[in-house]
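Everything below concerns the one structure shown next.
The values are calculated or read from the model by the stated rules, or taken from the named source; none is laboratory data. This is a predicted model, so every value here is computed, not measured. Here Cβ is always computed from backbone atoms with ideal geometry, including for glycine, and neighbour counts include all displayed protein chains.
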Amino acid sequence: MAFIKKQAQPSTEQTQSTPETRDCQSLLKQLSSNDSTERRWAARDLVECPECANALMQRLKIETENSVREVILTTLTRMGDPVAIAGMVDCLRSEDAALRNEVVEAMKQLPLEVAPMMLGLLADPDPDVRIFAVNVLESLCHPEVESWLISVITYDAHVNVCATAVDLLGEVGTSNAIEPLEQLKARFNAEPYIQFAADLALRRINEI
């Protein structure tokens, strides 16, 4: 008697993680699924649907599963369009500290796209946003980085913003930053950290 070979059946994980319908509208629906695996796969595949960047941003703001948030940010970074960038900037105002940090890291990967918004971010009324903007500059390979940082330590009135900027100037500053650093020390002559960080930056620049 001949044996009939059974056909292999897809695993439960395969059937759950790769839904049959992958058009943009179906993916948007799956992005709101109660199943985090479905949300994660939907967020990944929505990279082919740039018109859905805003929906991804809205999901990011309420998503509680770290792995899904990571994929959403990866997709938005790959999109890199104005809607995605504007959404990331908006997240810098979030009360969720983890989300803010994740967005800062994502923005660091988009130097060309983020650069046109940098002057606005460095002049934002919220000092926390200005600090996050300086943090983005840390990995922003752009010829204006030193100029932007010098502007911060020259004009920003908030000591914590200036402290963040002077820390970075200690790494990227040139002789152009010497006079502004001296002026910063005079402006915040009662702030020990500013004195320490500025002196450290000046020593490094003079050694170059």
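Pairing each residue of region 184-208 that is closer than 14 Å to residue 167 by Cβ with any residue that is assigned to a loop (DSSP other than H, G, I, E, B), provided the two are 6+ apart or on different chains, yields C-beta distances under 8 Å for 194/188; 195/188; 195/189; 201/173; 204/173; 205/173; 205/174. Considered as a group, the residues in region 10-35 that are assigned to a helix (DSSP H, G or I) and either under 18 Å from residue 76 (Cβ atoms) or in contact with a Phe, Trp or Tyr (Cβ under 8 Å, 6 or more places away or on another chain) (or both) include one that is modelled with the lowest pLDDT, and that residue is 17.
Residue selection: residue 165 satisfies the criterion of being buried (at least 20 other Cβ atoms within 10 Å of the Cβ) and under 13 Å from residue 134 (Cβ atoms). All of 89, 47 fail the test of being buried (at least 19 other Cβ atoms within 10 Å of the Cβ) and assigned to a helix (DSSP H, G or I), apart from 89.
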